[in-house]
């Protein structure tokens, strides 16, 4: 059964940590499931068009490669989707945070092909869309604590979408 009653309800700022307001503001005020689906297809096509040599470049010392950005999107989406699943099932947390810089030290993204990474991204996004698509309005309104902040499940869907847009903008503006 699919519930579509919540997908157009934009989250209130009280539903997520202030740090994420920039991400949420990047998401159109329409159906977030549609946005996640559209992003999935557009991102997959766009990333697959990037030449391999550019995928390993950085625009500034100590910045991530495009491959590392794709990997970061994959692991961050997994974390936020897990938070959404946990909170939607009544687990209020607290759940741990993730230090993205520490996590980036322990990866093998640059040794993988860009096609391999974008296929993993696709698998994760399909799972994320299915997760949110099947949640009721009551599930999506639940909240919990992660990384010391309170989040609603609904806000996590918008954060995932906005986080991807943020990094896609960086790739387009600084790498290409």
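The values are calculated or read from the model by the stated rules, or taken from the named source; none is laboratory data. The model shown is predicted, which means the values in this text are computed figures rather than measured ones. Positions of Cβ are backbone-derived with ideal geometry, glycine not excepted, and every protein chain shown enters the neighbour counts.
Only a single criterion out of (1) more than 17 Å from residue 129 (Cα to Cα); (2) surrounded by fewer than 13 Cβ atoms within 10 Å (Cβ to Cβ) is not satisfied by residue 42, namely (1). For residue 64, the conditions (1) closer than 23 Å to residue 97 by Cα; (2) assigned to a helix (DSSP H, G or I); (3) in contact with a helix residue (DSSP H, G or I) (Cβ under 8 Å, 6 or more places away or on another chain) all hold with the exception of (2).
To keep it simple, each residue is scored yes or no on (1) within 16 Å of residue 160 (Cβ to Cβ); (2) over 15 Å from the mean Cα position of the chain (by Cα); (3) modelled with pLDDT under 95; (4) surrounded by fewer than 20 Cβ atoms within 10 Å (Cβ to Cβ).
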position: 1; (1), (2), (3), (4): no, yes, yes, yes
position: 5; (1), (2), (3), (4): no, yes, yes, yes
position: 8; (1), (2), (3), (4): no, yes, yes, yes
position: 16; (1), (2), (3), (4): yes, no, no, no
position: 20; (1), (2), (3), (4): yes, no, no, no
position: 27; (1), (2), (3), (4): yes, no, no, no
position: 38; (1), (2), (3), (4): yes, no, no, yes
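I'd like to check something: does region 48-68 contain any residue that is surrounded by fewer than 20 Cβ atoms within 10 Å (Cβ to Cβ) and either within 16 Å of residue 154 (Cβ to Cβ) or touching a strand residue (DSSP E or B) at 6+ places or on another chain (Cβ under 6 Å) (or both)? Checked against the condition, which is being surrounded by fewer than 20 Cβ atoms within 10 Å (Cβ to Cβ) and either within 16 Å of residue 154 (Cβ to Cβ) or touching a strand residue (DSSP E or B) at 6+ places or on another chain (Cβ under 6 Å) (or both), region 48-68 yields no hits at all.
For residue 118, the conditions (1) more than 16 Å from the chain's Cα centre (by Cα); (2) closer than 29 Å to residue 65 by Cβ are fulfilled apart from (1). Which residue is surrounded by the fewest Cβ atoms within 10 Å (Cβ to Cβ), if the candidates are limited to region 97-115 and must be in a loop (DSSP other than H, G, I, E, B), more than 17 Å from the chain's Cα centre (by Cα) and in contact (Cβ under 8 Å) with a residue 24 or more places away in the chain? Per the criteria, the residue is 113. Applying the condition of being surrounded by 14 or more Cβ atoms within 10 Å (Cβ to Cβ) and within 26 Å of residue 48 (Cβ to Cβ) to region 128-157 and asking which residue is farthest from the chain's Cα centre (by Cα) yields 133.
Within region 81-93, can one find any residue that is touching a strand residue (DSSP E or B) at 6+ places or on another chain (Cβ under 9 Å), part of a helix (DSSP H, G or I) and surrounded by fewer than 20 Cβ atoms within 10 Å (Cβ to Cβ)? The answer is yes; a qualifying residue exists.
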